[in-house]
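*Asks:* Once you've had a glance at the structure underneath, I'll fire off some questions.
The values are calculated or read from the model by the stated rules, or taken from the named source; none is laboratory data. Since this is a predicted model, take the numbers as computed values, not measurements. Heads up, the Cβs are rebuilt from the backbone with ideal geometry, glycines too, and the neighbour counts pull from every protein chain shown. Quick note on the areas: whole protein, heavy atoms, side chains included, nothing else; ligands and nucleic acids left out. Shrake-Rupley method; radii C 1.70, N 1.55, O 1.52, S 1.80 Å.
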Amino acid sequence: MGFTIAYTVAADAAGLNQSRKGTILSTFYYGYAFFQVPGGFLAQRFGGRSVLLVSFLVWSLTCAFLPLDPDSVMVLVIGRLLVGMAQGFIFPSIHTVLAQWVPHNEKSRSVSLTTSGMYLGAAAGMLVLPSLLRLRGPQYVFLVEAALGTLWSLLWLNYASEPPRSELPNLPKVAQKIKVGELNRGSNDKGIPWQRIIGSLPVWAIVVNNFTFHYALYVLMNWLPTYFEQGLRLSLQEMGSYKMMPYLNMFIFSNIGGVVADHLITKRVLSVTGTRKFLNTLGFMVASLSLLALPIFRTSGGAVFCSSMALGFLALGRAGFAVNHMDIAPRYAGIIMGISNTGGTLAGIIGVDLTGKLLEAAKAANSEISSPESWRSVFVIPGVLCIFSSLGFLFYSTGERIFD
């Protein structure tokens with residue numbers, strides 16, 4: 001989020017076209033995509049604590065030394081690739097740690113709470129960064145991100161611990177709640193059933209929904225500042241605090257989804273399979289309607305409402321597909337999360353870059369970037385994807401364990 005807002009301001013000031021902006025913004029996702037599966041493998045082999053620490057240190061150092069010059073394309077590309085590579089380890093490592101630590105009846109809320117921090121950070125970024133940019137300039141945003149990343153690394157180093165291991169005596173009570181079969185730290189990678197994982201329809205149902213979720217998320221996260229500034233002729237600075245609502249909504253709805261999912265499963269209102277399918281379908285269908293309606297509204301209130309509904313209900317849907325890794329394969333949750341997030345990252349590469357080309361093509365066709373026609377296809381594509389991916393999850397997903 002920090003790079004997106006800072007780069008948008010710097011690139012617009014330098015007069016760069018939308019296609020060039022889309023290319024630079026999408027570069028991050030190449031590094032992010034290729035280090036998802038290695039991130040899951042390394043977290044399973046060496047533990048999520050160590051991998052997460054290295055990830056944040058590399059990310060922070062890159063932000064600290066990356067100059068923000070729109071004309072230095074190669075420097076920006078390399079910097080974005082490094083940040084993408086470092087962040088590629090994060091979610092597979094998180095899922096590996098949660099699969100090892102968290103009991104079955106708390107999976108949904110733990111995944112939702114952990115991952116919702118990203119949305120809370122995006123909301124804070126939309127609130128604070130425009131003022132920071134105005135007062136100190138775009139480069140200062142990178143320095144603040146580097147400082148925050150370094151501070152988090154120190155806290156993680158001091159307070160994080162490795163998960164308990166089944167062979168150790170006198171495990172603490174929290175460790176006794178975890179199934180021994182789910183404690184996979186240090187397991188032999190030769191035992192990973194790669195062929196069965198790649199050929200599994202439930203796995204592909206997760207991958208496709210992850211792709212759609214991140215296509216919509218990354219397009220909105222990278223292009224909403226441009227849509228507000230140029231599509232609606234609104235100043236982010238003048239929009240006040242409500243410009244953060246789409247991301248704050250994600251934080252709220254993500255945690256609502258996790259609590260509701262655990263309640264439905266624990267109280268046996270629905271089976272695990274039924275719970276995942278219900279929340280995934282509800283989230284993606286409402287998000288689809290909101291995305292399709294977004295270019296119709298030409299006021300700040302309408303745009304914020306539609307984007308908030310779209311991102312909020314997509315986050316609710318994470319209690320369906322995003323927790324499903326741990327249902328079907330707790331032993332290989334990090335690895336399947338790596339595969340799934342690779343699909344999600346490809347969505348970032350395709351969606352963010354394609355959006356820039358769509359806007360540039362609309363401009364070339366004598367359509368103003370402020371017109372609704374220029375933005376309609378930008379929002380229709382993820383809206384349609386939401387419908388088809390949710391149907392795929394409805395037909396092919398399961399909440400039963402299929403990998404021991």
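*Asks:* Going by what's in this entry, would M239 be described as open to solvent by 30 Å² or more (accessible area, probe 1.4 Å) and either within 20 Å of C306 (Cβ to Cβ) or at pLDDT 80 or above (or both)?
*Replies:* no
*Asks:* Ok, one more. Please give the helices (runs of 4 or more DSSP H) falling wholly within region 324-404 in which 2 or more residues are in the same structural domain as N280 (by the TED database) and open to solvent by 10 Å² or more (accessible area, probe 1.4 Å).
*Replies:* 333-364, 372-396
*Asks:* So which residues in region 258-288 are modelled with pLDDT under 95, among the charged types (D, E, K, R) and open to solvent by 10 Å² or more (accessible area, probe 1.4 Å)?
*Replies:* Passing the criteria: K267, R268.
*Asks:* Residue check: is F253 touching a residue at least 12 places away in the same chain (Cβ under 8 Å) and surrounded by fewer than 21 Cβ atoms within 10 Å (Cβ to Cβ)?
*Replies:* The answer is no for F253.
*Asks:* Hey, another quick one. Checking the conditions here, which among V352, V378 is under 23 Å from the mean Cα position of the chain (by Cα) and modelled with pLDDT under 85?
*Replies:* The unique qualifying residue is V352.
*Asks:* Right, another one. For region 200-207, does any single residue satisfy the condition of being in the same structural domain as G383 (by the TED database), at pLDDT 80 or above and assigned to a loop (DSSP other than H, G, I, E, B)?
*Replies:* Yes.
*Asks:* Please name all residue pairs, on different chains or six or more residues apart, with Cβ atoms under 8 Å, provided the first residue is in region 204-216 and is open to solvent by less than 20 Å² (accessible area, probe 1.4 Å) and among the polar types (S, T, N, Q) and the second residue is at pLDDT below 95 and not in a helix (DSSP H, G or I).
*Replies:* Here the result reads N210/A322, each pair linking region 204-216 to a residue that is at pLDDT below 95 and not in a helix (DSSP H, G or I).
*Asks:* When the residues of region 1-33 are narrowed to those that are open to solvent by 40 Å² or more (accessible area, probe 1.4 Å) and within 15 Å of I350 (Cβ to Cβ), which ends up modelled with the highest pLDDT?
*Replies:* Selected residue: Y30.
*Asks:* State whether one or more residues within region 101-113 are crowded, with 23+ Cβ neighbours inside 10 Å, touching a residue at least 12 places away in the same chain (Cβ under 8 Å) and in contact with a Leu (Cβ under 8 Å, 6 or more places away or on another chain).
*Replies:* yes
*Asks:* Residue pairs, Cβ under 6 Å, 6 or more apart or interchain, first in region 266-279 and within 15 Å of K107 (Cα to Cα), second open to solvent by 40 Å² or more (accessible area, probe 1.4 Å). List them.
*Replies:* If the second residue must be open to solvent by 40 Å² or more (accessible area, probe 1.4 Å), the pairs left are T266/N105.
*Asks:* Same structure, new question: Test each condition in (1) touching a Ser or Thr at 6+ places or on another chain (Cβ under 9 Å); (2) closer than 29 Å to V380 by Cβ for N255 and report the one that comes out false.
*Replies:* N255 satisfies all of (1) touching a Ser or Thr at 6+ places or on another chain (Cβ under 9 Å); (2) closer than 29 Å to V380 by Cβ except (2).
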